[in-house]
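The values are calculated or read from the model by the stated rules, or taken from the named source; none is laboratory data. What you are looking at is a predicted structure, and each value in this text was computed from that prediction instead of being measured. All Cβ positions, even for glycine, are placed from backbone atoms using ideal geometry, and neighbour counts span all protein chains on display.
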Amino acid sequence: MIMEGKQRLLPPRFAGVIAHPTSLPGPHGIGDLGQDAFRFIDFLATAGQQLWQILPLNPPGHGDSPYAALSAFAGNPLLVSLRLLVDEGLLAGEELPDPPAGLADQVDYPAVAAYKLPLLAQAHRRFVAAAPPGLKADFVEFRQAEAGWLGDYALYVALKRAKGGVSWNDFGVDLAQRRPAALAKARAEHAQAVETEEFTQFLFYRQWRRLKDYANGKGIQIVGDIPIFVAYDSADVWANQSLFYLDERGLPTVVSGVPPDIFSATGQRWGNPLYRWDVLARGGYAWWVARLRQTLRTVDIIRIDHFRGFETYWEVSSSEPTAEHGRWVKGPQADLFRVARQQLGELPIIVEDLGLITPEVDALRDELGYPGMRVLQFAFGDDARNPYLPHNYVQNTVAYTGTHDNETTRGWYASQPEIVRHRVRVYLARDGSDIAWDLIRLAWQSVAAIAIAPLQDVLDLGNEARMNFPGRADGNWRWRVRAEQLTTDVAQRLAELSAIYRRGRLPSRLWDRA
C-alpha cells in the first residue's frame with residue numbers, strides 16, 4: 001500500500017555472473033589476475049551486472065578443488081599474473097618461456113604449477129636483489145598485517161614440498177605436533193622457501209586488491225565463498241589442532257558428510273575433520289572471526305557453503321568407509337554469527353541452503369536475516385509447490401539458473417526425461433530451443449532480490465563446459481572461456497534483460513522501439 005504523501009521506495013534488485021578467475025582467458029595456461037581479468041570486469045559492466053561471483057580464492061588441494069584448500073586464508077599462487085610482474089620489473093619478458101601447449105580451453109593444474117611456480121621463485125630472487133625501497137616496505141607491512149596465518153602457511157607449504165607432498169601428519173612427530181624446537185629448526189633450514197611463499201602471497205593479495213578496486217569502481221561487487229569445513233591436509237588444521245576432533249596421532253576421530261538420501265544409498269563421506277565448537281566458543285570463535293574478517297577484506301559479499309552445518313551437521317566415525325552410519329550433532333547455530341557481528345559489524349552473507357533442509361535450518365537463516373538460494377534446475381521435478389519455482393520465492397532470496405556444481409542449463413535440459421522438459425516448456429510457455437536464456441530470464445524476472453547465472457549459461461554452452469561433477473575425484477575445475485566468446489553482443493543482450501527487469505544500471509531501450 002502506498003501511503004499518501006510518501007514516495008514508495010522499491011527495494012534494490014541485483015544481477016550477476018558466476019565465473020572463477022581460473023576460468024578466464026590468459027596467456028599462461030590458467031586465468032589470472034592480469035589484463036584479461038580487467039577485461040572481464042569491463043564485460044560485466046557492459047552487461048549491466050552488479051555482482052561477480054567467484055569460488056574460493058584459496059590454493060587448491062586434493063583434486064585441484066578450491067573447496068579442499070591448503071589454507072582458508074592464503075590466495076592461490078597460480079592466479080598471480082606473470083605479465084604484471086614483468087611490468088613491475090620483477091621478471092624479464094625473455095624469462096617467460098612458452099607455456100605448456102593445449103591449455104586454452106582447460107586448466108592442467110600440474111603443468112601450470114610446474115610452469116609458474118619457478119617463475120614466482122625467480123621474481124622473489126629479483127625482489128631480494130634489487131627491489132625498490134617502497135616495494136620492500138610494502139612487503140614488510142604485509143607480513144606484519146598477516147602474521148596470524150602467513151608464517152604457518154608458508155612453513156607448511158615449504159615442508160610439504162621438501163617432503164614430496166606428504167600430508168602434515170607425515171612431517172615427522174616433532175613437526176606434526178608442532179614442538180617449538182622443531183618448528184624453529186625448520187624455519188631456519190627452509191628460510192628462503194618460506195620467504196618465497198610469503199612473497200608470493202604478497203603478490204597475490206596486491207594484484208587481487210587492484211582488481212577488486214577496479215571492479216568496485218565499475219559498480220561491481222565481488223561475491224566470495226567460504227566452505228564451512230576445511231581440508232584435513234591444510235595449514236589450518238596443522239596450526240590449530242586443538243580446534244578439531246583429532247586423536248593423539250593427529251588423525252581425525254570423526255569426519256564430515258551427509259546421510260543417505262534418494263541420490264546416494266550410502267550418503268556422502270566428505271572426510272573433513274569436524275570442529276570442536278565448544279573449544280571455539282570458549283575462545284570467542286577467534287579462528288572463525290579471523291576467517292570472516294580476512295574474507296571480507298578480500299570480497300564484498302560472502303556465500304557460506306553448507307550453511308545447514310551451523311544448525312546441525314552429520315558426524316561420521318573416521319573408521320566408517322561410508323556416511324551410512326552417523327549422527328546429527330548440534331552446531332553453533334546463531335551464536336557464532338552473533339559474536340562475529342559484535343566484532344565485525346553487519347555481515348553481508350548469502351547462505352547455501354540446498355539439499356536436506358529442516359525447518360530449524362530455515363528458522364536459523366531467517367533469524368539471521370540472510371538470503372538463501374533457489375536453483376531453477378531443481379524446480380521441475382514435482383508439482384507447483386516446489387520451493388525452487390519462482391512463484392514460491394520470497395524477496396530475500398538469490399535465484400540461480402545453476403551453480404558450479406550443476407550441469408550447464410543447456411546440458412541439464414538435454415539430460416532430463418521428457419516429463420521434466422515438458423513441465424519446463426509449460427511453465428515458461430516457451431519451446432525450449434533457447435533454454436539457457438529462458439532460465440536466465442525466469443531468474444531475472446523473479447521477485448528474488450538477487451539473480452545470478454554461471455557464465456556458461458550466459459554463453460549458452462553445453463556440458464563440455466561444466467565446472468564440477470560432485471562425487472568425481474579428478475578432472476574438475478578445469479573449464480576456461482576463450483576471449484572471443486565474451487562478445488559485445490552477449491553483454492548487450494544481458495544488459496537489456498537486466499534493464500527490463502530492473503536489475504541493470506542501464507535503462508532499457510526496448511520500450512522505444514517500434
Single unsatisfied condition, THR200 versus (1) within 26 Å of ARG83 (Cβ to Cβ); (2) out of contact with any His (no Cβ under 8 Å at 6 or more places or on another chain); (3) surrounded by 20 or more Cβ atoms within 10 Å (Cβ to Cβ): (2)
From the options LEU55, LEU44, LEU33, residue that is crowded, with 23+ Cβ neighbours inside 10 Å and closer than 19 Å to ILE350 by Cα: LEU55
Verdict on ARG472 being over 15 Å from ILE18 (Cβ atoms), at pLDDT 95 or above and within 20 Å of the chain's Cα centre (by Cα): no
Qualifying residue in segment 94-105 (condition: in contact with a strand residue (DSSP E or B) (Cβ under 9 Å, 6 or more places away or on another chain), at pLDDT below 95 and either surrounded by 14 or more Cβ atoms within 10 Å (Cβ to Cβ) or outside any helix (DSSP H, G or I) (or both)): yes
Test result for ARG502, part of a loop (DSSP other than H, G, I, E, B) and either modelled with pLDDT under 95 or more than 25 Å from the chain's Cα centre (by Cα) (or both): yes
Candidates PRO332, PRO348 - the one that is out of contact with any His (no Cβ under 8 Å at 6 or more places or on another chain) and over 30 Å from THR409 (Cα atoms): PRO332
Single residue of segment 311-332 satisfying the filter (farther than 15 Å from GLY355 by Cβ and among the hydrophobic types (A, V, I, L, M, F, W, C)) that is surrounded by the most Cβ atoms within 10 Å (Cβ to Cβ): VAL316
Which numbered condition GLY75 fails, given (1) within 26 Å of ALA121 (Cβ to Cβ); (2) at pLDDT below 95; (3) of a type outside the set (Ser, Thr, Tyr): (2)
The listed residue being surrounded by 21 or more Cβ atoms within 10 Å (Cβ to Cβ) and within 24 Å of the chain's Cα centre (by Cα), out of TYR275, TYR214: TYR275
Selected residue (only one of VAL230, VAL237, VAL223 is touching a helix residue (DSSP H, G or I) at 6+ places or on another chain (Cβ under 6 Å), crowded, with 19+ Cβ neighbours inside 10 Å and of a type in the set (Val, Ile, Thr)): VAL230
ALA290 touching a Phe, Trp or Tyr at 6+ places or on another chain (Cβ under 9 Å) and without any contact (Cβ under 8 Å) to a residue 40 or more places away in the chain: no
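In the set ALA184, ALA176, ALA193, which member is closer than 21 Å to LEU251 by Cβ and small (Gly, Ala, Ser)?
When all the criteria are applied, what remains is ALA176.
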Wholly within segment 162-265, helices (runs of 4 or more DSSP H) carrying at least 3 residues that are more than 28 Å from ILE304 (Cβ to Cβ): 173-176, 180-189, 191-217
Residue count, segment 352-369 (criterion: under 13 Å from THR403 (Cβ atoms) and modelled with pLDDT of 95 or more): 2
All positions within segment 62-89 that are of a type in the set (Gly, Ala, Ser) and either within 19 Å of ILE301 (Cα to Cα) or surrounded by 20 or more Cβ atoms within 10 Å (Cβ to Cβ) (or both): ALA68, ALA69, SER71, ALA72, ALA74, GLY75, SER81
Test: residue in segment 475-483 that is touching a residue at least 12 places away in the same chain (Cβ under 8 Å) and in a helix (DSSP H, G or I): yes
